[in-house]
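So the structure is just underneath, and the comments pick up after that.
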């Protein structure tokens, strides 16, 4: 391979890239998000500086079903998102993510710094109930349920919430184990089209696990559950804070 061919490769292995170049288009992407009140001290402990904690200790546990994603295929993911403030702007910090597809795991970590790990994730409708589950090493660690499509939700409000800036803490080591990259990376979803949205009664059960910290954020009160379906584009991100330069 020539130098030009090497530098033109989308990802490793260079002879057969794990994922293609973006941006990445998602069709019929289905969300199930449970917002709940938790311990503010845990939020302050986990949010990386200079992100400031939210006024209200309300965080979001989510399942996302992606049946048609360009370059990544068909998969489901689950994770924890913590609202915060960065440079005066409301943001969502992505704390943990779990999914069942190699390509978006590798791309998510290498490009945007999404904190993705492999696990068994499912989002499905069982009779009259929307059900999300997460298992790590075959042990169930999260279950969410919601009444199915009971109350329509304002789709423009959902679209605006999806457009909110997401922040990841991207950590990539160098060959000597020291940090090569230590950044806060911002992403804004684009070309968002909400196809349907509902809210209703929901419940969330989290089980402690050595490889997943979600249960460290106790569920004091479920605020609401939301279920919506959309088309969107995941573009490349931008560095908003560099720990090796600041």
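We did not get these values from a lab; they are worked out from the coordinates using the rules stated. All of these numbers come straight from a predicted model, not from anything done at the bench. A quick note on method: Cβ atoms are made from the backbone with ideal geometry, for glycine too, and the neighbour counts reach across all protein chains shown.
Here are a few things to note about the model shown:
- Given the alternatives [x] 29, 22, 18; [y] 25, 23, 16; [z] 29, 22, 15, semi-axes √(5λ) of the Cα gyration tensor in Å as computed for this entry is given by [x].
- The antiparallel fraction among DSSP beta bridges confined to region 91-180 stands at about 75%.
- The distance between label points at residue 243 and residue 45 comes to 1.8 nm (points 7 Å beyond Cα on the Cα→Cβ vector).
- Segments 31-37, 198-204 sorted - mean Cβ within 10 Å per residue, highest first: 31-37, 198-204
- Multiplying the residue separation of residue 160 and residue 221 by 0.36 nm and removing their Cα-Cα distance gives an extension gain of 19.5 nm.
- Value of [θ]222 nm, deg cm²/dmol, for the chain, DSSP H segments ≥ 4, -39500 (n - 2.57) each, nearest 500: -2500 deg cm²/dmol
- Across every direction, the projection of the convex hull enclosing the Cα atoms of region 1-45 has a mean area of 6.8 nm².
- Placing a pseudo-label 7 Å from each Cα along the Cα-to-Cβ vector at residue 106 and residue 205 gives an inter-label distance of 3.7 nm.
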